[in-house]
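Quick notes on the structure that follows.
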Amino acid sequence: MLNRWTGKQVLKLFGCFAAFFLLVLLTQLPGYMSPLYWAICPLLSAFFAAGPITCVMDMKRGFGSAGVLPLLWFILYRCIGEMGMPLMWIWVIAVIVIAEIVHKLMGYGTLKSIRVCAPLASLATFGMLIPLYLQKSTFLARASAEMDPAYVAGLDKYGTPWMFVLVLALAVGLAVLSERLTEKILKIKE
């Protein structure tokens, strides 16, 4: 990733980032209609994030390719005033670092590395809701300042450890499916 980029690669990176950002945003926007949807929207976010990550990892196989899109997304979200809780930052940065370490250990040039690290890196988008499951009282207190009490009560109902495990497992499964579909569409080879 640190070697010279062509203009076409830079344009492809920005296109992948635009797709990543818009698709993740579009999965989150309907969240305000239903507490259940908000609690499970990381499933769709992971699914739609894995495709652009897979594309970038194939385009530039090397350091940074697994984490560049989630990192840019995180920076942009911070700039627009989202991701206000430190646990959100910790989750996103930890996922990016772990994805990059695994990518290095498995080998930058291997398809197996892309198959593991693209779904892993897509879990960075889960950072928006991680406090619902791991710091529920703080998350709900902040939510009650801007949301209807009935909606916050719904979030309280769905913000359980079991729901966290279920959503995380399903998000991984959908991200793997998305990576494989992208792999087929782009005809990615070893």
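All of the numbers you see were taken from the coordinates with simple rules; none came from a lab. These numbers come from a predicted model, not from an experiment. With ideal geometry, Cβ positions are generated from the backbone for all residues, glycine too; neighbour counts draw on all protein chains shown.
Please compute one quarter of the surface area of the Cα convex hull for the chain and express it in square nanometres.
For the Cα atoms of the chain, the hull's average projected area reads 10.3 nm².
Relative contact order, percent, of the chain when contacts are C-alpha pairs under 8 Å separated by at least 6 residues? Don't skip to the end; give the middle numbers.
Details: 256 pairs, mean separation 57.3, N = 190.
Across the chain, relative contact order equals 30 percent.
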Select from 80, 101, 130 the residue whose mean-square fluctuation is largest in a Gaussian network model of the chain (Cα-Cα springs shorter than 10 Å).
80
So for the chain, taking the charge dipole from beta-carbon charges (+1 Lys/Arg, -1 Asp/Glu), which of 128, 13, 69 sits furthest toward the positive end?
13
Give me, ordered by chain and number, the residues 5 or more places off residue 63 or on other chains with an amide H under 5 Å from its own placed amide H.
2
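Using a/c under 1.5 as the rounded threshold, could you call region 1-114 rounded, prolate or oblate? The axes a ≥ b ≥ c are square roots of the C-alpha gyration tensor eigenvalues, and prolate needs a/b larger than b/c, oblate otherwise.
prolate
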Can you show me the helix-derived [θ] at 222 nm for the chain, built from DSSP H runs with n ≥ 4 at -39,500 (n - 2.57) apiece and divided by the number of residues, rounded to the nearest 500.
-24500 deg cm²/dmol
Note down the magnitude of the dipole of region 135-190 about its Cα centre, charges +1 on Lys and Arg C-beta and -1 on Asp and Glu C-beta and zero elsewhere, to the nearest 20 debye.
220
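Quick one: putting +1 on the C-beta of Lys and Arg, -1 on the C-beta of Asp and Glu, what dipole do you get for the chain around its Cα centre, in Debye to the nearest 20?
Roughly 740 debye for the chain.
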Efficiency of FRET from Cβ geometry, residue 63 and residue 157, R₀ 30 Å, rounded to 0.05:
0.10
If the chain between residue 80 and residue 187 were fully extended at 0.36 nm per residue, the gain over the current Cα-Cα distance would be 34.9 nm
Once you've got the Cα coordinates, tell me which of 136/184; 112/157; 136/187; 104/187; 104/184 are over 31 Å apart.
136/184; 112/157; 136/187
Where chymotrypsin sites (Phe, Trp or Tyr not before Pro) in DSSP loops with at most 15 other Cβ within 10 Å are excluded, longest remaining stretch of the chain:
64-190
For the chain, the helices passing both cut-offs (Cα extent along own axis of 24 Å or more, Kyte-Doolittle mean at least -1.0, full DSSP H runs) are 7-28, 35-59, 86-106, 161-186
